[in-house]
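Everything below concerns the one structure shown next.
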């Protein structure tokens, strides 16, 4: 499957169960199943997490940048499998390695998230994720995610 076209928010919502305030990607600009996806997160001062995370100096929490990477990886996985999530399945985090944060992400930033798929075995996929703002590396991590039926052990 080769689908380099992007996706708007409504198309993304068809592939992710997340909703406000936890849907953390706004647009997919490139999707090349099974290899790669590039997604955008537009960071607004109105984000709910800013009310409690460094209210005197708004910084997007690093764990949410990693979560945005995982959401992009989930879209890539579902597009690769040519399936959509259903109420009986979930896409879990199974591991995070080598996470590094290089610059703060602040209101007004547009985070460009690139996910490169690694190997996949028995419903567990490995991915390399990077997040950039204005071409500068903001964060990077290696992710493992697992596609499971609800109630099944991850």
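The values are calculated or read from the model by the stated rules, or taken from the named source; none is laboratory data. All values derive from a computational prediction rather than experimental measurement. As a convention, Cβ positions derive from the backbone with ideal geometry for all residues, glycine included, and neighbour counts pool all protein chains shown.
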Conditions (1) surrounded by fewer than 18 Cβ atoms within 10 Å (Cβ to Cβ); (2) farther than 16 Å from residue 37 by Cα; number of the one not met by residue 82
(2)
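Residue-wise test of (1) modelled with pLDDT under 95; (2) surrounded by fewer than 18 Cβ atoms within 10 Å (Cβ to Cβ); (3) in contact with a strand residue (DSSP E or B) (Cβ under 6 Å, 6 or more places away or on another chain).
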| position | (1), (2), (3) |
| --- | --- |
| 97 | no, yes, yes |
| 108 | no, yes, no |
| 111 | no, no, yes |
| 118 | no, yes, yes |
| 125 | yes, no, yes |
| 129 | no, no, yes |
Residue list for segment 22-49, restricted to those being closer than 21 Å to residue 82 by Cβ, in contact with a helix residue (DSSP H, G or I) (Cβ under 6 Å, 6 or more places away or on another chain) and in a loop (DSSP other than H, G, I, E, B)
25, 33, 34
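Listed here are the residues, each with its yes/no results for (1) touching a helix residue (DSSP H, G or I) at 6+ places or on another chain (Cβ under 8 Å); (2) outside any loop (DSSP other than H, G, I, E, B).
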| site | (1), (2) |
| --- | --- |
| 60 | yes, no |
| 64 | yes, yes |
| 70 | no, yes |
| 73 | no, yes |
| 78 | no, yes |
| 83 | no, no |
| 87 | no, no |
| 104 | no, no |
Does segment 133-142 contain at least one residue that is under 18 Å from residue 37 (Cβ atoms), at pLDDT 90 or above and touching a helix residue (DSSP H, G or I) at 6+ places or on another chain (Cβ under 6 Å)?
yes
